[in-house]
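Structure, as structure tokens:
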Amino acid sequence: MRISGARIKRSPRKLCAGAGPVFEFKRRPAALPETYEFKGQTKNLQQFLDHTGTTGMVVIKEDTILFEKYYRGNTDKSRTISWSVAKSFISALIGVAVREGYIKDIHQPITDYVPKLKAPGMMASPSRTL
């Protein structure tokens, strides 16, 4: 993959088989407001999206997609690095695992639950830091 002439190495990835029926979100398209409030100031949403280099935005409430739009040449088929989105999903999954009893203590090393992660640097990482 090339970005502005630089060669970027892709991270390892693994295709996972599906585990059952796929959940289908309902769709009820709605427009986003043009402005929002932040620290007592009115801000323009489109300017924020441009300034932050946003490549896609999806707004979901319960089981319904209310807004979905892609920017900077991306589509719903584009592959991108998820960065903080992945952290949010992992955090939610850890919470579910705690609630369902799969993780007893978020202060235990994650390798107690996922032995394949045993590597330098991960050994002492508690589940809560994921």
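Of the set (1) modelled with pLDDT under 95; (2) within 20 Å of the chain's Cα centre (by Cα), all apply to residue 20 but (2).
Inside the stretch 72-92, residues that are under 8 Å from the mean Cα position of the chain (by Cα) and in a loop (DSSP other than H, G, I, E, B) make up a count of 2.
Which of the residues spanning the stretch 17-46 are basic (Lys, Arg) and either surrounded by 11 or more Cβ atoms within 10 Å (Cβ to Cβ) or in contact with a strand residue (DSSP E or B) (Cβ under 6 Å, 6 or more places away or on another chain) (or both)? Passing the criteria: 26, 27, 28, 43. Scanning the stretch 7-57 for residues that are β-branched (Val, Ile, Thr) and part of a loop (DSSP other than H, G, I, E, B) returns 8, 22, 54, 55.
The values are calculated or read from the model by the stated rules, or taken from the named source; none is laboratory data. Quick caveat: nothing in here was measured; it's all calculated off a predicted structure. When we count neighbours, we look across all protein chains shown, and the Cβ atoms used for this are built from the backbone with ideal geometry, even at glycine.
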